[in-house]
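Participant: Pasting in a structure now, in structure tokens, and then I'll have a few things to ask.
No value in this document is a laboratory result; all are computed from the given coordinates. What you are looking at is a predicted structure, and each value in this text was computed from that prediction instead of being measured. So basically every Cβ, Gly included, is an ideal-geometry build from the backbone, and we count neighbours across all protein chains shown.
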């Protein structure tokens with residue numbers, strides 16, 4: 001095999017080594033720039049680690065006389081499973097009931113991105129989004145539902161391409177008041193049977209941590 005390039009970058013050198021261990025020739029035309037491309041992609045896909053939530057919010061918290069449900073639904077997210085470093089992606093739906101303050105609507109998708117762009121578990125990401133909104137504006141309640149397709153199940157392991165996972169986090173009024181919770185779930189019009197009346201998810205699959 002021809003001599004390989006040194007990238008003077010620890011991550012790119014590691015990616016090059018992975019290519020060699022997989023039996024590839026990192027000097028061939030299609031792979032020469034792959035370490036740099038993968039380095040750049042991974043840093044973007046995990047950029048949530050460096051994000052500052054307060055800087056992102058940038059004061060977009062507003063006093064308002066409104067105490068009805070606010071829902072931002074169908075927020076696309078793309079994340080990386082921390083067990084296999086394979087993507088999982090889908091939709092996130094966020095609701096809260098203000099308690100004197102609201103958050104700028106564009107900030108909610110950006111908050112989802114901050115937690116999605118990390119090595120993640122969907123269960124953890126769902127809780128982090130709900131807990132952060134609770135911390136920042138102290139609403140009467142927060143609900144977050146995420147629907148995700150996991151390539152660690154579709155491409156490998158059990159190879160179930162049509163399965164998806166639903167996770168939920170219900171805090172405050174959404175946990176304590178069944179009518180509030182059911183109103184939210186009805187507004188989402190989720191697939192029948194995916195979410196129980198208690199707000200706890202009925203998973204379509206569980207992660208296969210050992211494979």
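Participant: Could you check which residue among 82, 24, 68 shows the biggest mean-square fluctuation in a GNM of the chain with a 10 Å Cα cutoff?
Facilitator: 24
Participant: Helix 34-45: angle to the longest alpha-carbon principal axis of the chain, degrees 0 to 90, nearest 10?
Facilitator: Relative to the chain, helix 34-45 is tipped by roughly 10 degrees.
Participant: Return the calculated 222 nm mean residue ellipticity for the chain, to the nearest 500 deg cm²/dmol, obtained by summing -39500 (n - 2.57) across DSSP H runs with n ≥ 4 and dividing by the residue count.
Facilitator: -10000 deg cm²/dmol, from helical runs alone.
Participant: Shifting gears a bit: Which angle between 0 and 90 degrees, to the nearest 10, do you get for helix 10-21 versus the longest principal axis of the chain when only C-alpha atoms count?
Facilitator: So the inclination is approximately 70 degrees.
Participant: Fewest Cβ neighbours within 10 Å first, please rank 27, 167 accordingly.
Facilitator: 27, 167
Participant: Two decimals is fine: what's Rg over Rh for segment 125-195, C-alpha atoms, Kirkwood radius as Rh?
Facilitator: Here the Rg-to-Rh quotient is 1.07.
Participant: Sticking with this structure for a sec: If one computes P(r) from the Cα atoms of the chain, what percent of pairs lie at distances over 23 Å?
Facilitator: Result: 54 percent of Cα pairs exceed 23 Å.
Participant: Related question: When a footprinting reagent is the concern and you count Cβ atoms within 10 Å, what order do 146, 152 take, fewest first?
Facilitator: 152, 146
Participant: Roughly what angle does helix 178-188 make with the longest principal axis of the chain, taking Cα atoms, 0 to 90 degrees, to the nearest 10?
Facilitator: 50 degrees
Participant: Please arrange 84, 150 by how many other C-beta atoms lie within 10 Å of their C-beta, fewest to most.
Facilitator: Ranking 84, 150 by Cβ neighbours within 10 Å, fewest first, gives 84, 150.
Participant: Hey, another quick one. Name the most mobile residue of 58, 99, 127, meaning the one with the largest mean-square fluctuation, in a Gaussian network model of the chain with Cα contacts below 10 Å.
Facilitator: Of the options given, 58 has the highest mean-square fluctuation.
Participant: Further question: Report the residue, chosen from 28, 124, 181, that carries the largest GNM mean-square fluctuation when the chain is represented by alpha-carbon nodes joined by springs under 10 Å.
Facilitator: 28
Participant: Residues of segment 127-155 with backbone nitrogen within less than 16 Å of a virtual label 7 Å along the Cα-to-Cβ line of residue 176, please, listed as ranges.
Facilitator: Answer for this model: 134-135, 138-143.
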